[in-house]
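Working notes, structure below.
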Amino acid sequence: MKAKSIYLLLIPGLIVVVFFLFVPILMIIVPTLKGDQGITLSRYIIFFKDAYYMSILMRTVRIGIITTLICILLGVPVSYYVAKSSPKIKGLLLAAAIFPQLTDSVVRSFAWMTILGRNGIVNSLLVSAHLFTEPHMFLYTESAIIVGSVYLFLPLMIISMVGVMDSIEDDLVEAAESLGANKVVAFFKIIFPLSVPGMIVGSVLVFTGTFTAYTTPQLLGGNKNTVLATLLYQKAMTLSDWTQASVLSMVMILITLAVMFSINKVASRFYVRGV
Amino acid sequence: MKNNKILVLVVILVYVFLCGPLLIIGATAFNSGNIMSFPPKGFSFRWFAMVFQSETFMTTLGISFQVAVLATLIALIIGIPAAYALSRKNYRGKNIVQNIFISPIIVPGVVLGFAFFRFLIIKLQFGVFLSLLIGHVIIVIPYIIRVIGSSLDNLDFSIEEAAVSLGATKLRAFFLIVLPNITSGVIAAFMLAFINSFNNVPASLFLTGPGVSTLPISMMSYVEYNYDPAISALSVILMAMTVLIMFIIEKTLGLSHFTK
Amino acid sequence: MALIHLKDICVSYDGKSDILKKLNLNIEKGQFVSLLGPSGCGKTTTLRVIAGFIDTRAGEFIFNGSDYTRLAVHKRNFGLVFQSYALFPHLTVFDNVAFGLRMRKTSKEEIKESVEGILEVVDLSAYSKRYPKELSGGQRQRVALARALVIQPDLLLLDEPLSNLDAKLRLKMRVEIKKIQQKMGITTLFVTHDQEECFSVSDMVAVMNKGVVEQYDSPEKIYSRPKTEFVARFIGFENFFSLKKQENGIFLTDSGISIHIDEEETYSDREEVFTGTIRPENIELLPSDSNQTDNVIQGSIEVRTFVGKDYQYSVDTEVGAMIVNSSKERMYHQGDKVKLHLPSNKVLILKSKED
Ligand SMILES: Nc1ncnc2c1ncn2[C@@H]1O[C@H](COP(=O)(O)OP(=O)(O)OP(=O)(O)O)[C@@H](O)[C@H]1O
Ligand SMILES: [Mg+2]
């Protein structure tokens with residue numbers, strides 16, 4: 001295979017991606033670094049010193065971390081069960097996890113609006129059971145965003161872990177049990193550590209997904225619970241504050257990349273140890 | 001281990017959590033009343049009728065469909081040659097190129113949208129539809145490169161060499177021999193790219209304008225001000241589309257592709 | 001002039017080290033030539049250079065008088081049979097075989113005629129509508145062969161075409177291939193690492209080692225007269241010892257015993273030290289009180305193993321460990337003192353490595 005002609009095939013795609021992705025992103029990032037003389041970080045310093053922005057950043061990170069933890073906690077046992085099921089059941093359970101993922105995020109958030117809303121299912125159940133005298137506001141809270149985000153990303157976690165769980169041999173667990181570990185201990189001592197690589201991949205996807213999500217916080221969080229993505233939209237489109245929107249863009253990109261790189265670093269250490 | 005009671009219980013609860021909300025939406029779509037209620041009161045198709053009569057939903061559905069199909073086709077045209085080049089022998093810089101093609105997935109959706117808005121609409125003064133289309137091409141390229149790349153990885157390239165040794169030019173060998181043997185990958189890539197373009201919210205959000213919007217965006221603004229089963233009905237329609245697409249992916253690529 | 005002329009071919013995959021190192025090979029028209037060598041020695045690479053899939057770093061490939069070194073693959077008109085057969089999965093047997101003719105814009109009727117003709121030859125007429133996955137390994141192999149032959153190639157290249165078949169089928173197919181090759185008179189280059197397969201069908205054998213052809217001879221010649229230690233080892237010689245030339249036909253071992261050698265061929269007059277070799281079954285194992293005195297080395301039995309027909313002994317001798325096969329008539333035990341008689345017509349002198 002002659003190498004030169006192969007490069008030609010890459011060119012159209014590269015041009016499109018570079019021109020329509022890299023150029024636009026550089027175009028928004030570069031001006032945020034421009035000062036009167038040379039480069040300045042002052043806009044970022046202002047951003048990080050601003051209590052309002054910090055509270056939004058913290059909320060976004062908090063939602064991301066809690067969502068990721070819940071997804072790990074639920075994802076590990078479920079993906080293990082899915083991986084070890086008979087092919088038919090496995091196919092079904094996988095399909096049931098993939099289906100929400102391919103469903104519009106507006107539809108998925110809307111589902112939780114109908115469940116958590118003032119006239120929603122949870123409220124009507126609680127009221128008719130006389131637990132509450134009047135409807136409680138579940139919607140438009142941080143918890144609602146977290147529930148919606150777990151709902152959005154748990155399938156992703158399950159799916160990314162099934163492959164790893166597939167490769168855990170059954171006899172490992174049996175061996176542990178035969179050595180006197182009870183089932184719960186066996187699970188946490190054997191399966192949990194062995195599933196770390198899949199967990200890491202899944203966690204990156206869940207965290208970055210939650211961290212940058214727009215639809216769910218917008219629909220379930222309301223105006224009080226602004227996160228970075230909804231803030232960016234407000235700044236850019238409602239307030240036309242493009243500089244601030246650009247600063248936000250850069251912050252989101254950097255945090256996303258930092259999380260990916262640092263988690264992958266941790267992951268590679270696990271691989272070296274042969275886990 | 002697998003049949004441990006606690007484990008089974010956790011699995012059941014998680015799947016109720018995953019499937020329940022969509023089932024509830026499905027049920028509310030057939031409400032005959034004016035407001036959302038569950039369990040639904042009465043049974044009717046009136047909300048489906050309302051969706052089909054709504055001009056906003058119908059035009060934005062049309063636009064979403066056009067954008068998804070066109071963006072996917074364009075991404076296929078530039079993505080297939082690139083995926084092909086990436087699947088052949090190792091050469092220097094291959095990893096970098098691969099990462100460049102995957103990078104649209106890494107950039108947060110709203111940042112993509114904002115960058116497209118500033119560049120395409122403000123700077124280049126492109127029309128809304130064209131901007132939307134270009135944005136979506138970028139968004140779906142990673143899916144094309146990945147899915148087609150993985151089906152090319154599974155292809156025994158000696159068939160291509162055999163064709164060339166029998167007198168076919170590289171180009172003919174590609175169209176007569178390689179392409180017919182990765183059709184399932186191409187179909188699956190099409191489906192995945194289509195659905196991801198169709199469902200996109202964060203980037204499209206910035207690329208809508210007078211008369212041009214996508215279905216998810218118009219649904220979002222609808223639910224912010226209305227609370228009736230119309231969206232449920234629309235959701236059922238979209239879910240039916242998802243089922244169809246999943247079925248096609250299962251038949252071509254196999255759903256197990258997702259676990260890799 | 002030979003039909004195929006490979007001259008000082010150098011190939012490197014990584015741009016640093018050469019996989020083929022100044023490889024030379026000439027093939028006459030109509031010959032059946034095999035490339036034989038251990039895994040990784042560059043047989044496939046050589047074949048792919050000839051087919052045109054690999055660019056050479058240096059050297060030239062002349063085919064029938066014209067320079068083919070840089071000629072595009074699809075213009076070469078060589079028939080290729082791959083180890084994996086590489087049948088087109090989406091085409092029927094007929095369309096697989098017809099592919100090359102279609103590329104040549106042959107007329108419909110001619111295609112039908114040629115394809116049916118060649119399917120007849122490989123005994124697959126009844127299968128023309130089947131798809132590759134509906135065929136057995138042997139049938140696939142024959143489709144691959146038919147597909148390569150139908151274009152009436154100027155050269156047939158086969159890369160371990162039999163390695164996916166079971167032992168019985170291999171035997172049948174190699175005779176089949178040889179028959180067809182002879183009938184059509186096609187110059188053929190056959191890659192294998194199976195000695196027996198290679199010796200049984202080839203007119204000439206090129207034994208390769210680490211990217212060079214070490215010996216290019218008829219199978220008989222290679223079997224009876226290996227020229228280098230590598231070739232000798234590859235075809236079953238196990239005993240190697242150094243010999244110092246004294247005068248023509250007389251050599252001295254390191255321990256000072258003189259060995260007579262009938263063969264004239266020694267490789268250089270300058271050279272003084274050679275490697276001698278002999279097959280285990282050609283050594284005569286004698287009791288220490290035997291009165292044989294010429295070409296005899298003293299030793300003692302170290303290990304005895306039973307290898308079916310014979311006993312095989314590892315003997316500790318004054319020139320190092322020697323492997324000897326000896327009939328069951330007389331059995332020796334560990335520690336027995338013995339004499340090894342090396343018949344003067346069986347000891348061979350090998351070319352030194354640097355040559
Ligand atoms: N595409 C490649 N890239 C890098 N190195 C290669 C490539 N193909 C082969 N090599 C190396 O070149 C050497 C020769 O390989 P080749 O395939 O020619 O061996 P071979 O004699 O056909 O072996 P075998 O009997 O195992 O098929 C090997 O060391 C191999 O590792
Ligand atoms: Mg080989």
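Tabulated values for the structure
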quantity: Check on A:GLY38, modelled with pLDDT under 90 and crowded, with 19+ Cβ neighbours inside 10 Å; calculated: no
quantity: Near pairs, Cβ below 6 angstrom, 6+ apart or cross-chain, from segment C:317-334 (at pLDDT below 85) to any residue that is open to solvent by less than 80 Å² (accessible area, probe 1.4 Å); calculated: C:SER327/C:ASP310
quantity: Selected residue [within 13 Å of chain B (Cβ to nearest Cβ), within 16 Å of ligand 1 (Cβ to nearest atom) and touching a residue at least 24 places away in the same chain (Cβ under 8 Å)] from C:ALA86, C:ALA98; calculated: C:ALA86
quantity: Criterion (over 24 Å from B:ASN196 (Cα atoms) and either surrounded by fewer than 20 Cβ atoms within 10 Å (Cβ to Cβ) or in contact (Cβ under 8 Å) with a residue 12 or more places away in the chain (or both)) met by exactly one of B:PHE126, B:PHE157; calculated: B:PHE157
quantity: Matching residues, segment C:11-41, being open to solvent by 10 Å² or more (accessible area, probe 1.4 Å) and within 16 Å of ligand 2 (Cβ to nearest atom); calculated: C:TYR13, C:ILE19, C:PRO38, C:SER39, C:GLY40
quantity: Scope segment C:155-173; condition more than 16 Å from ligand 2 (Cβ to nearest atom) and modelled with pLDDT of 90 or more; matching residues; calculated: C:LEU155, C:LEU156
quantity: Filter result for C:GLN195 (open to solvent by 10 Å² or more (accessible area, probe 1.4 Å) and either without any contact (Cβ under 8 Å) to a residue 40 or more places away in the chain or away from ligand 1 (no atom under 16 Å from the Cβ) (or both)); calculated: no
quantity: Within segment A:1-35, considering residues that are facing chain B (nearest Cβ under 9 Å) and of a type in the set (Gly, Ala, Ser), the one surrounded by the fewest Cβ atoms within 10 Å (Cβ to Cβ); calculated: A:SER5
quantity: Sole exception among (1) crowded, with 21+ Cβ neighbours inside 10 Å; (2) assigned to a helix (DSSP H, G or I); (3) in contact (Cβ under 8 Å) with a residue 60 or more places away in the chain for A:TYR81, by number; calculated: (3)
quantity: Within segment B:218-238, tally of residues that are open to solvent by less than 20 Å² (accessible area, probe 1.4 Å) and either facing chain A (nearest Cβ under 9 Å) or at pLDDT below 90 (or both); calculated: 10
quantity: Condition met for A:ILE70 (assigned by TED's automatic domain parsing to the domain that holds A:GLY163, open to solvent by 40 Å² or more (accessible area, probe 1.4 Å) and touching a residue at least 24 places away in the same chain (Cβ under 8 Å)); calculated: yes
quantity: Residue ID - farthest from the other protein chains (Cβ to nearest Cβ), chosen from residues in segment C:16-64 that are of a type in the set (A, V, I, L, M, F, W, C) and in a loop (DSSP other than H, G, I, E, B); calculated: C:CYS41
quantity: Residue tally, condition open to solvent by less than 10 Å² (accessible area, probe 1.4 Å) and either β-branched (Val, Ile, Thr) or within 14 Å of A:ILE56 (Cβ to Cβ) (or both), over segment A:187-209; calculated: 2
quantity: Leading residue by the ranking (farthest from the other protein chains (Cβ to nearest Cβ)) among those in segment A:132-187 that are in a loop (DSSP other than H, G, I, E, B), within 23 Å of the chain's Cα centre (by Cα) and not hydroxyl-bearing (Ser, Thr, Tyr); calculated: A:PHE138
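The values are calculated or read from the model by the stated rules, or taken from the named source; none is laboratory data. Everything quoted here is computed from the prediction, not taken from an experiment. All Cβ positions, even for glycine, are placed from backbone atoms using ideal geometry, and neighbour counts span all protein chains on display. Side chains are part of the model used for accessible areas, which takes the heavy atoms of the whole protein and leaves out ligands, DNA and RNA. Shrake-Rupley method; radii C 1.70, N 1.55, O 1.52, S 1.80 Å.
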